[in-house]
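To start, the structure under review is shown below, and the notes come after it.
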Amino acid sequence: MTLRSKLLVLLAAVLALSAVAATTLLHASDRAARKDQAQPGGPRVVDGRVSLVPEAAGRRMVFRNMAWGPHRDELSSVPAGSPGGTRTASGVKCLRFYAAAGTGICLQAEHGAVQDSYRAVLLDANLHERAHYALPGIPTRARVSPSGHLVAWTVFVGGDSYAGTNFSTRTAVLDTRTGRLDASLEDFDAIRDGHRLHAADLNYWGITFADDQHFYATMATGGKTYLVHGDLTARTLTVLRSNVECPSLSPDGTRIAFKKRVSGLSVDAPWRLYVLDLRTMREKPLGETRSVDDQIVWRDGRTVVYSLPGDYGADLYSVPADGSGSPRMVTGAALSPAYL
């Protein structure tokens with residue numbers, strides 16, 4: 001092949017690759033533009049005021065609206081008893097969210113020219129920013145203590161999925177009264193079988209608060225996961241049980257809903273939902289048979305709510321916490337619910 005022929009082949013290859021890149025870019029741009037347009041049959045979303053304070057009209061659910069349209073990703077509110085009703089959108093965008101007692105935590109993305117950065121925003125009852133903190137990775141979990149005095153968040157700092165084992169997380173706890181930030185649970189002492197655990201691969205995620213001193217979380221080491229009980233005063237994390245991920249404490253503090261790896265399932269979808277009785281340490285499988293990669297939320301003492309992938313990112317489902325019944329869709333195109 002002559003030099004001229006080689007150059008023509010190279011030019012043709014470059015032009016072909018450029019055409020592919022341009023087509024991909026146009027497709028992505030078109031999809032992004034369509035996400036800003038409301039879709040037929042989707043939920044009705046209107047501008048309005050969203051508050052984190054309980055109202056006389058009854059309980060409400062505040063969540064991240066995933067429906068395509070101008071209010072996508074905004075914190076929105078619906079009556080808890082009518083989750084499919086008109087959504088009131090706040091204008092505040094979050095990737096992950098939770099709230100309790102008038103305090104909210106919103107994990108946000110800040111889009112840059114080269115790459116995105118992330119931050120945790122502490123919100124007051126009217127969704128006004130009280131403070132914000134730079135995050136070292138991609139947001140994945142958020143919680144607030146029942147009193148609203150403590151908030152916690154977890155980010156991925158390596159890898160991007162809990163399904164495998166090649167990931168690293170960072171979990172922080174913030175005292176909203178003093179501003180004290182424990183930037184990583186890895187600074188606490190891990191206790192297993194009465195002895196301090198020394199391991200280079202310790203990983204923590206998914207805090208759920210009992211009160212303003214005690215909490216539960218997931219610890220991972222040696223390819224296994226554990227339920228740990230945390231003490232903020234003693235700065236300890238004590239192992240209680242193995243094979244527990246993303247715990248969520250019931251309103252009465254007696255049970256923990258969690259996801260558990262079950263042998264024989266796909267490595268990409270390895271979990272089933274369970275509830276653990278903290279008094280007897282007996283666990284019970286729930287009626288949801290699909291793999292759920294979420295930190296469950298208790299709607300009340302009888303029902304838990306969680307997300308599964310949906311047409312617009314995620315849909316919310318519920319199932320009885322006693323192992324009876326079967327899953328029911330709560331609402332579509334929604335994520336990160338908090339019941340107020």
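The values are calculated or read from the model by the stated rules, or taken from the named source; none is laboratory data. Owing to the predicted nature of the structure, the values given are computational and were not obtained by experimental measurement. All Cβ positions, even for glycine, are placed from backbone atoms using ideal geometry, and neighbour counts span all protein chains on display. Ligands, DNA and RNA are stripped out before the accessible areas are found, and what is left, the full protein with its side chains, is counted by its heavy atoms. Shrake-Rupley method; radii C 1.70, N 1.55, O 1.52, S 1.80 Å.
Looking at the range 252-272 only, could you name the residues that are without any contact (Cβ under 8 Å) to a residue 60 or more places away in the chain and under 24 Å from ALA338 (Cα atoms)?
Within the range 252-272, ASP252, GLY253, THR254, ILE256, PHE258, LYS259, LYS260, TRP271, ARG272 meet the criteria.
Okay, residues lined up against (1) open to solvent by less than 10 Å² (accessible area, probe 1.4 Å); (2) under 19 Å from LEU237 (Cβ atoms):
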position	(1), (2)
ARG130	no, no
GLY148	yes, no
THR154	yes, yes
SER161	no, no
VAL173	yes, yes
THR178	no, no
LEU202	no, yes
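Since SER291 meets every condition but one in (1) under 30 Å from ALA56 (Cβ atoms); (2) within 16 Å of the chain's Cα centre (by Cα); (3) among the polar types (S, T, N, Q), which condition does it not meet?
(1)
Hey, ALA125 hits all of (1) touching a strand residue (DSSP E or B) at 6+ places or on another chain (Cβ under 6 Å); (2) open to solvent by less than 40 Å² (accessible area, probe 1.4 Å); (3) closer than 25 Å to ALA89 by Cβ but one; which does it fall short on?
(1)
Filter the range 298-338 down to the residues that are within 24 Å of GLU74 (Cα to Cα), of a type in the set (A, V, I, L, M) and without any contact (Cβ under 8 Å) to a residue 60 or more places away in the chain, then identify the one that is most open to solvent (accessible area, probe 1.4 Å).
Only one residue tops the list, namely MET329.
Given the residues ALA190, ALA172, ALA100, ALA120, which is the only one that is under 24 Å from TYR226 (Cβ atoms), within 17 Å of the chain's Cα centre (by Cα) and among the small types (Gly, Ala, Ser)?
After applying the criteria, what remains is ALA172.
Scanning for something loosely packed, with under 15 Cβ neighbours inside 10 Å, modelled with pLDDT of 95 or more, over 16 Å from the mean Cα position of the chain (by Cα) and over 26 Å from GLY48 (Cα atoms), does the range 107-115 turn up at least one residue?
No - not one qualifying residue is present in the range 107-115.
Is it fair to say ALA134 is open to solvent by less than 50 Å² (accessible area, probe 1.4 Å) and not in a loop (DSSP other than H, G, I, E, B)?
No.
With the requirement that a residue be of a type in the set (Gly, Ala, Ser) and either outside any strand (DSSP E or B) or surrounded by fewer than 20 Cβ atoms within 10 Å (Cβ to Cβ) (or both), what does the range 91-106 give you?
Correct list: GLY91, ALA101, GLY102.
Within the range 45-90, which residues are farther than 19 Å from ALA142 by Cβ, part of a strand (DSSP E or B) and open to solvent by 10 Å² or more (accessible area, probe 1.4 Å)?
Residues satisfying the conditions are VAL45, VAL46, ASP47, GLU55, GLY58, PRO79, THR88.
Can you work out which of the residues in the range 287-296 that are without any contact (Cβ under 8 Å) to a residue 60 or more places away in the chain and of a type outside the set (Lys, Arg) is nearest to MET66 (Cα to Cα)?
Here the answer is ASP294.
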